[in-house]
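The values are calculated or read from the model by the stated rules, or taken from the named source; none is laboratory data. Please read all numbers here as calculations on a predicted model, not as lab measurements. Every residue, glycine among them, receives a Cβ derived from its backbone with ideal geometry; neighbour counts consider all protein chains shown. Accessible surface is based on the protein model in full, side chains and every heavy atom, while ligands, DNA and RNA are left aside. Shrake-Rupley method; radii C 1.70, N 1.55, O 1.52, S 1.80 Å.
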Amino acid sequence: MKQESPIKRRQSRKIMVGDVAVGGDAPIAVQSMTNTNTCDIDATVAQIKAIQEAGADIVRVSVPSMEAAEAFGRIRQQVSLPLVADIHFDYKIALRVAELGVDCLRINPGNIGRDDRVNAVISAARDRDIPIRIGVNAGSLEKALQRKYGEPTPEALVESAMRHIDILDKHDFQNFKVSLKASDVFMTVAAYRQIASQIDQPLHLGITEAGGFRSGTVKSSIGLGMLLMDGIGDTIRVSLAADPVQEIKVGYDILKSLKLRSRGINFIACPSCSRQNFDVIQTMNDLESRLEDVNTAMDVAIIGCIVNGPGEAREADIGLTGGSPKHLFYMGGKPNQKLDNANLVDDLERLIRDEVARRKEQEEAVIVKSSD
Ligand code: SF4
């Protein structure tokens, strides 16, 4: 059952992206990015809502043109999730989305150009309390740094970020967060470790261009996992060449496995073997897809036999240990009832949903009592 994470998080300054706190003692925010054409307002709104439904705290939207900026404004009116506008170079787009209600500007001050343009963007952000995300990417390092370092290195990524940070510092603008992404796990981890001790702003973690669903999940889990274990990271994005909804689910799974956040069911299942007394893999897959809508944090152990079943079931909120002729169902760490193979998945789904409903009622009762 639930334990506190032993991870001691780096102390960072808290900033607000819309109504979502990032940094300080705020939960690590999970974000993704739309991959629709921003000018296709209906498709982008639908995707943002799907990403929100999956549990996202923040979503980023590319705004590559003034036409996209106008579309962004209309999208803004139709969704409640905090929106980050991803802008490269064009300060006019930044000014326009600031007027239209953006919650964070992802723009690198060093790439804006003339001082008056930089001033205009920083003033707009300051006037409206909009944070800026500096996003350094190994694939688009400045030419001067490419010449200096010969190839992307952690030091080059940090130096690039510090150039942008210096510009914000000169304007006494501290309302920002930073990402330093590379597709190489070693480079990304080293760069974040270096910058973590140099600034106190929140850090947005990601392994960029990590790959497809499987390979990207593995790379992101290793890279983000190492940094999160160090206590580094205030918001994460898992970059996958896949549906953004999957990015949110993987992001939560990474945080859940480190006990940094909880959302939905945390399944514990054995890989199964010839000792199994029911089809563990099929049962697990069926339950996972049937219970995707559950947000209540809960540990559910699905174990094929008594070798590891009772131990795992006792530690989980709900557990099933395969037996013969019947399986033993545990609730709150204690044997509760016997189940057989007929309708096993239906029975488990019903029992888990009953427990979810009971917990929700309990939570609501606590809220009502505390507001009395
Ligand atoms: S718990 Fe039992 S069924 Fe599952 S892998 Fe271990 S021995 Fe096999």
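Descriptive notes on the structure:
- Projected-area mean, the stretch 1-136, by convex hull of Cα positions, square nanometres: 9.4
- Per-peptide packing, taken as the mean over residues of other Cβ atoms within 10 Å, places 294-307, 144-157 in the sequence 294-307, 144-157 from highest down.
- Here the translational diffusion coefficient of the chain follows from Stokes-Einstein with Rh set to the Kirkwood radius across Cα pairs; for 10 °C and 1.306 mPa s it amounts to 71 µm²/s.
- Approximate spin-label separation Asp127-Val307, in nm, with each point projected 7 Å along Cα-to-Cβ: 6.8
- Average projection, convex hull of the Cα set of the stretch 17-83: 4.4 square nanometres.
- The chain - mean residue ellipticity at 222 nm from DSSP helices (-39,500 (n - 2.57) per run, n ≥ 4, rounded to 500): -14000 deg cm²/dmol
- Which listed pairs, of Lys92/Lys170; Lys148/Lys219; Lys8/Lys177, have C-alpha distances above 23 Å, in listed order: Lys148/Lys219
- Taking the DSSP beta bridges with both ends in the stretch 255-339, the antiparallel portion is around 50 percent.
- Mean-position separation - Cα centroids, the stretch 298-352 and the stretch 7-34, in angstrom: 37
- Environment charge at Ala26 (Cβ cut-off 14 Å; Lys +1, Arg +1, Asp -1, Glu -1): +2
- Over the stretch 6-47, the fraction of Cα-Cα pairs per 5 Å bin, rounded to whole percents and listed from the shortest bin up, is 5, 19, 19, 13, 14, 12, 10, 7, 2.
- Taken per residue, the accessible surface of the stretch 265-371 reaches 56 Å², heavy atoms only and a 1.4 Å probe.
- Top positive-direction residue, dipole computed over the chain with Cβ charges, set Gln282, Asn137, Val30: Asn137
- Compactness ratio for the stretch 174-311: Cα radius of gyration over 2.2 N^0.38 Å (N = residue count) comes to 1.23.
- If you take the Cα centroid of the stretch 207-275 and the Cα centroid of the stretch 165-201, the two points sit 22 Å apart.
- Its Cα centre serving as origin, the stretch 230-372 has a Cβ charge dipole (Lys and Arg +1, Asp and Glu -1) of approximately 360 debye.
- Top of Leu227, Leu348, Leu105 by mean-square fluctuation, Gaussian network on the chain, Cα under 10 Å: Leu348
- Cα-projected label distance for Lys14 with Ala241, points at 7 Å along beta-carbon direction, nm: 4.0
- Dipole moment magnitude, nearest 20 debye, the chain about Cα centre, only Lys, Arg, Asp, Glu C-beta charged: 700
- The fraction of accessible area contributed by carbon and sulfur in the chain is 49 percent, rounded to a whole number (1.4 Å probe; ligands and nucleic acids excluded).
- If the Kirkwood radius is taken over C-alpha pairs of the stretch 265-371, then at 25 °C and 0.890 mPa s the Stokes-Einstein diffusion coefficient equals 174 µm²/s.
- Under the span-like rule (Cα at least 27 Å along the axis, Kyte-Doolittle mean at least 1.6), DSSP H helices of the chain: none
- For the peptides 8-14, 202-208, the ranking by mean Cβ contacts within 10 Å, running from highest to lowest, is 202-208, 8-14.
- For the stretch 15-257, the per residue solvent-accessible surface stands at 40 Å², with DNA, RNA and ligands left out and a 1.4 Å probe.
- Modelled label positions at Val294 and Ile281, each set 7 Å beyond Cα in the direction of Cβ, lie 2.3 nm from each other.
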